[in-house]
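For reference, the structure discussed in these notes is given below.
The values are calculated or read from the model by the stated rules, or taken from the named source; none is laboratory data. Fair warning: this is a prediction, and the values are worked out from it, not measured in the lab. When we count neighbours, we look across all protein chains shown, and the Cβ atoms used for this are built from the backbone with ideal geometry, even at glycine. Side chains are part of the model used for accessible areas, which takes the heavy atoms of the whole protein and leaves out ligands, DNA and RNA. Shrake-Rupley method; radii C 1.70, N 1.55, O 1.52, S 1.80 Å.
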Amino acid sequence: MNKTALVTGASRGIGRAIAQALAEEGFAVACFARDREKLEQTAALIESAGGKASVHTGDVSSDDDLENLVREVVAEHGSVDVLVNNAGITEGAPASKISPQRFREVLEVNLVAPYVLSRAVQPVMKEHGGGVIINISSVYASQGVANNSPYCTSKAGLEGMTRALAREWIKDGIRVIGVAPGFVRTDMVADAFGGTEVEKLVVSRIPMKRFGEAEEIGNFVAFLATAKAGFVTGETLVIDGGQRSLL
Ligand code: NAP
């Protein structure tokens, strides 16, 4: 296969696992985030398993960084066949304690950046006969969760954007899909309640009685990126150990 996947937030957590799983499917993987050292670790893991990876640094909340990123990846790999909008941040606090500025920052990273980057890759995908854009949402997009309003808002917006762009770009052979994980063992979850009594309570409420592993999300995303999932578009698919529907 001679196809390239671009993954944002590939320096750790779910993004790193997605990058590794896409490389296992045969994609050359362009890894983007701010932390060069950790991105190089991701690339080394991919290369030691026989895959191909490149490292690109920048901030998803900078339109210029995203435009440069697409230029760099096309110059190095010739195309962008798969884009995974994975980079994300959260802000756990009551709405009364979150400033409008912070609300905007979360939306910039989680919602505006996927829009800017999707717009930047669309002409490249169209020119190459199609592609796949996968937006990493969250079960919080469709659950009412207290003390997480910017995050919930951003992910609900991302799912609306997924449906809208899927409809708009289907004529260009571009599938746009969402993936909504439940709790997955990464820094984001460790920072929120790692090792506390709250963590035990959260796990006890998941029907499978465990957090997901980043690899489980990576494998699911990599499957959706291939022609095996060629009839899937517009939908956001939940992967959460039963958290949303079996409670
Ligand atoms: P994580 O461990 O905190 O990693 C976040 C990633 O996003 C890092 O690679 C980080 O890289 C990158 N990132 C953050 N801000 C960035 C910015 N301004 N510019 C560029 N890159 C940026 O998070 P995770 O748990 O793997 O989450 C990945 C995605 O899955 C997010 O969209 C998250 O909302 C979603 N998700 C996670 C869970 C969960 O339970 N973990 C559940 C549902 C959905 P640098 O710091 O190197 O820039």
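Brief remarks follow.
- Within the stretch 132-146, the set of residues being in contact with a Phe, Trp or Tyr (Cβ under 9 Å, 6 or more places away or on another chain), of a type outside the set (A, V, I, L, M) and surrounded by 24 or more Cβ atoms within 10 Å (Cβ to Cβ) comprises just one member, S138.
- Entry remark, the stretch 193-226: residues being part of a helix (DSSP H, G or I) and under 19 Å from the mean Cα position of the chain (by Cα) number 12 in total.
- Looking across the stretch 27-58, the residues that are aliphatic (A, V, I, L, M), within 16 Å of the ligand (Cβ to nearest atom) and either under 16 Å from the mean Cα position of the chain (by Cα) or not in a helix (DSSP H, G or I) (or both) come down to V29, A30, A33, L39, A53, V55.
- Qualifying residue in the stretch 160-173 (condition: open to solvent by 30 Å² or more (accessible area, probe 1.4 Å), within 11 Å of the ligand (Cβ to nearest atom) and among the aliphatic types (A, V, I, L, M)): no
- Residue match in the stretch 187-208 (condition: within 10 Å of the ligand (Cβ to nearest atom), crowded, with 22+ Cβ neighbours inside 10 Å and not β-branched (V, I, T)): no
- Pick from the stretch 17-46, criterion under 20 Å from V221 (Cα atoms) and charged (D, E, K, R), ranking: surrounded by the fewest Cβ atoms within 10 Å (Cβ to Cβ): E24
- Residues of the stretch 150-205 satisfying the condition of being closer than 26 Å to V116 by Cα and either free of Cβ contacts under 8 Å to residues at least 12 places away in the same chain or among the small types (G, A, S) (or both): S154, A156, G157, G160, A164, A166, E168, K171, G173, G178, A180, G182
- Per-region count, the stretch 59-98, residues of a type in the set (A, V, I, L, M) and near the ligand (Cβ under 9 Å from one of its atoms): 3
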